[in-house]
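Remarks on the structure that follows.
What follows draws every value from the coordinates through simple rules; no lab data is involved. Only a predicted model underlies this, so the values are computations on that prediction, with no experimental measurement involved. Every residue, glycine among them, receives a Cβ derived from its backbone with ideal geometry; neighbour counts consider all protein chains shown.
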Amino acid sequence: MPTRARDRLLDTAERLFYAEGIRSVGVDRIVAESGVGRASMYRHFPGKDDLVVAVLRRRDQDWRDWLRETVDRIAGPVPHGRDDRPLAVFDALAERFARADFRGCAFINTIVETADPHSVAHQVADAHKRAVTTYVDGLLATAGYARHATLAAQFVMLMDGAIVTALRERTPAAAAVARSTAAALLHTETNAD
């Protein structure tokens, strides 16, 4: 039972934080909507900040697993010739942007809401962005790009910009624009060699 209560709290908090923001959702609402008692909530999470961090850590792993699996599905097996796997991250984002419940990036939203870089939530969100950059760097290195680390930083900046634009414009089209910009970067890199 304790695990189920913890999972219900995490599920409820994640849904509410993502839809409405961390600051606007209080512990009372999370307790009420999860069906978990207040005492049980505080046994699992001593405070709201602890719950926020647990939600972010779980979402980090889930989101990175989703991205890897989606890129693998879209790109298929690693080819013997040209490797479009790095560009598939933008196709994956387009799928995400088309979802009815899309509300941007939970990690960008957290960084904005918890502007203090010393807060644990801010640090977890930053670590997520660094992990995504490492993943993209690996895709680019595997595809044979010599300046993969520089390109990875540029790709993640394009990804973040596409996320914010898709949220603002309420359309997945931002992913295609970011993809074409990333393709131009790769073309320039290929022609520089």
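Here are the numbers for the structure shown:
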{"item": "Charge context of Asp65, other residues only, Cβ under 14 angstrom, K/R +1, D/E -1", "result": "+3"}
{"item": "Summed residue charge, Cβ within 14 Å of Val177's Cβ, Lys/Arg positive, Asp/Glu negative", "result": "-1"}
{"item": "Peptide ranges 104-111, 43-50, 139-146 listed from the most packed, as the mean C-beta count within 10 angstrom indicates", "result": "104-111, 139-146, 43-50"}
{"item": "Estimated 222 nm signal from helices in the chain, with DSSP H stretches of n ≥ 4 weighted -39500 (n - 2.57), rounded to 500", "result": "-25500 deg cm²/dmol"}
{"item": "Candidates Ala175, Ala121, Ala54: whichever shows maximal mean-square fluctuation once the chain is modelled as a Gaussian network with Cα springs under 10 Å", "result": "Ala54"}
{"item": "Kirkwood hydrodynamic radius (C-alpha pairs) into Stokes-Einstein, region 26-140, 37 °C and 0.692 mPa s, D in µm²/s", "result": "202 µm²/s"}
{"item": "Distance in nm between pseudo-label sites at His187 and Asp28 (7 Å out along the Cβ direction from Cα)", "result": "5.8 nm"}
{"item": "Share of alpha-carbon pairs per 5 Å distance bin for region 89-193, given as whole %", "result": "2, 13, 21, 20, 19, 14, 8, 3, 1"}
{"item": "Rel. contact order, % - alpha carbon contacts under 8 angstrom, at least six apart, the chain", "result": "21 percent"}
